[in-house]
Structures are given as C-alpha cells and as structure tokens.
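A.B. asks: My questions will all concern the structure given below.
Read the figures in this text as sums done on the coordinates, not as results from a lab. Because the structure is a prediction, the values reported are computed rather than measured. Ideal geometry is used to build each Cβ from the backbone, glycine not excepted, and the neighbour counts take in all protein chains shown.
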Amino acid sequence: MDSLHIKAIFLLLAIAITPSTAWTVRILNRLSHKKVLFAHCRSGDDDLGPQYIKHRDEFKFSFGVNLFRTTLFWCSMSKDRKSQASFDVFWPSGDAKKHGGIDHLSTWTVNEKAVWVVRDDGIYLKIRDPGGDAFKNDYIDEILYLRWQPKSSLHHAEGDKLKKKVYCAMAMGSLHVKAIFLLLAIAITPSTAWTVRVVNRLSNKKVLFAHCKSGDDDLGPQYIKTRDEFKFSFRVNFFRTTLFWCNMSKDKKSHASLDVFWSFSNAGKHGGFDLSAWAVNEEALWIVRDDGIYLWMKAPGWPEEEPYVIETLSRRWEPKR
C-alpha cells in the first residue's frame, strides 16, 4: 500500500475519533412533596452512575456526538418504590417512530440541550415552536413524553437498551476501501472498561464537592456525603488517550484538581506512572481525606493473583485563591 493510501487511512481514523456537535442533557426534578428523584443514565460506552436528585435540583451531563451520529443515551428513573420509567434521553436522527414522532432533538430543542422535566404524572420534554423563530432561545412548551409505569410492568431488561445502529450508505468496491472501513470500525470499537470511584472519608461529616470531566464528557457537579462515593464507568478509546480529571473541594478554603484516570500514553505526564499496572480490577479508587487525596494501588513485589493493596498520597489540598 503506498503512502497516499496510508495517509488516507490515518486521516479517516482521526475523523472517526473526533467528536462533533457538543450536547448537554439536563434532568430537572419537579416532583411534589420534596421527593428525591433517582436516575441512572448510560450509553453504550459510558455509565454515569446512580444519581439522587433533590427537589428543585437537576443532574446534567455533556458529550460529543460521534462521527456516524449513532450516539444514544438512556436513563432509568424512579420517583418512589412503586413507579419507574426507562427511556432514551438523547438519540440520533432517523428514530422518529421509536421516539413519539420526534426525528431529531435538534429540530425541537434549543442550543443543543435536551431538557427533561420530571413531574408527578410523568416525564416531559421542553421544546420550542418549530414554526417560530429558529434563533429564539426560549423553550415555549413542555410535552408529556412518558408516563410513570408500575415497577412490575417493565419486563424488558435494562441491558436490552444496549442497542447499536449502523448506517452504511457507501458501496465498498476495492480492497483498499474495505481496509479503510475495517480500520474505522476498529477505531470506534470500545476497548477495556474502567471504573473511577471517588470516596468521601473526610471527618466531621463534611460534604465533598467533585466535578469530573473528560475531553468529551462533563459528568456535572457532585455533592458526596461522608462515607459515600461517586463512581462512573467508561471505555478506553482506540488510541489509549482517554483522560478524566476532577476538581474537588472539601470546604470554602481548600481545593484540589487532579487526573483520576489516564491511559498508558499519558504516563509520562504522571512521572511514568501507568495507572493500569497498579490499579486493581480496572478500578481507579480515590480516597479523599482531610490531608489530601489518596490512590489505592497494588503494592510492588506482590503476586498478581493475591495483590496487597496500599494507599498512596497523590495530591494535597491547596488553598483557594
């Protein structure tokens, strides 16, 4: 294969992993009687973890739509012990029949934001008037998208939501073209699954603030109670460049910003420390204490099948400016 074909392959690979339009999903708790809303949102690659959303509060996350516009996020929700709902909160175009006639959210929403309002009778989607001013940044209406269902009536497993759509509109004639699309398929195929856990072990029942992000995803602000934790799961990308970082604060005077997951390619920026070589069972476990943030890791020299786990101080708190 000549150099021109090789350059074409790497150009397409670069395009395949480059995020396009940035979107934000917002879930607003408008239940009565100060009820706490439970929500657990996922995509085929990311698990955003269980969220307990207080009355009049919200949970939001941001992401980039992939090259083939097949990005799909869904959430399972519960308002009490008797009622629940499971539905897509973001979907690609072409799925109108499965989403109440709404072909693509960009036609109905404003500024790439899907705003879901959770009420006692069901879940509403905020929309704009499709016949009005396309540049008017006001949501003018809510439509009832889904009613609550009794928990016993949902027979399908949540795992069935892991649906993937493939849209191919090109005929592949030559061997070179087939090779290019094979490499593209490999490039967007998820690899190792990882989980990051941030555990609050501060004294005096202090609430830990944490805001975690990657280049594609914003997991939103988290308020972690003492002895509780926030965790999220994801898959490492094809080129092993996945990076997540968090900003944390234990009070009004102290804060810290640190990477909580990095791939092998970023080990040089962390003193040569390869997280995958020291973490246990693809879990990056961070313990937040009064004096700083600790990483649980395997002690060197111990056998892989019976690792001895230790804590190492990774970052001390810094005064806020």
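A.B. asks: So what's region 193-319 giving for Cα Rg divided by 2.2 N^0.38 Å, two decimals?
C.D. replies: After normalising by residue count via 2.2 N^0.38 Å, the value is 1.04.
A.B. asks: Also, I was wondering about something else. Would you pull out the residues with amide H under 5 Å of PHE232's amide H, same chain only if 5 or more places away, H placed 1.01 Å from N?
C.D. replies: VAL196
A.B. asks: Right, another one. Around SER249, under 12 Å between beta carbons, what's the net of Lys plus Arg minus Asp minus Glu among the other residues?
C.D. replies: Working: positive: LYS206, LYS250, LYS252, LYS253, LYS320; negative: ASP251, GLU318.
Net of charged neighbours comes to +3.
A.B. asks: Across region 245-250, in residue order, what do the Karplus-derived ³J(HN,Hα) couplings come to in whole Hz, using 6.51 cos²θ - 1.76 cosθ + 1.60 with θ = phi - 60° and x for Gly and Pro?
C.D. replies: 9, 9, 9, 10, 8, 9
A.B. asks: Please list, ordered by chain and number, the residues whose modelled amide H lies under 5 Å from the amide H of LEU202; skip anything fewer than 5 residues away on the same chain.
C.D. replies: For LEU202, whose amide H was placed from the backbone, the distant partners under 5 Å are ARG227.
A.B. asks: Past 29 Å, Cα to Cα, is the threshold; run LYS54/LYS298; LYS34/LYS113; LYS54/LYS252 against it and keep the listed order.
C.D. replies: On the way: LYS54/LYS298 37 Å; LYS34/LYS113 25 Å; LYS54/LYS252 22 Å.
Distance filter (> 29 Å) returns LYS54/LYS298.
A.B. asks: Convert each backbone phi in region 234-242 into a coupling constant with the Karplus relation 6.51 cos²θ - 1.76 cosθ + 1.60 (shift: θ = phi - 60°), then list the ³J(HN,Hα) values in order as whole Hz, x for Gly and Pro.
C.D. replies: 6, 10, 6, 6, 4, 8, 6, 10, 4
A.B. asks: While we're here: I need the phi-derived Karplus couplings for region 253-260: 6.51 cos²θ - 1.76 cosθ + 1.60, θ = phi - 60°, integer Hz, Gly and Pro marked x.
C.D. replies: In residue order, the calculated couplings are 10, 10, 8, 8, 10, 8, 6, 9 Hz.
A.B. asks: Here is a further query. Across 10 Å bins from the origin, how do the percents of Cα pairs in region 233-291 run, short distances first?
C.D. replies: 19, 49, 26, 7
A.B. asks: Given the Cα atoms of region 20-103, and with Rh set as the inverse mean 1/r over their pairs in the Kirkwood sense, what is Rg to Rh to two decimals? Numbers along the way, then the final one.
C.D. replies: Details: Rg = 13.8 Å, Rh = 13.9 Å.
For region 20-103, the value is 1.00.
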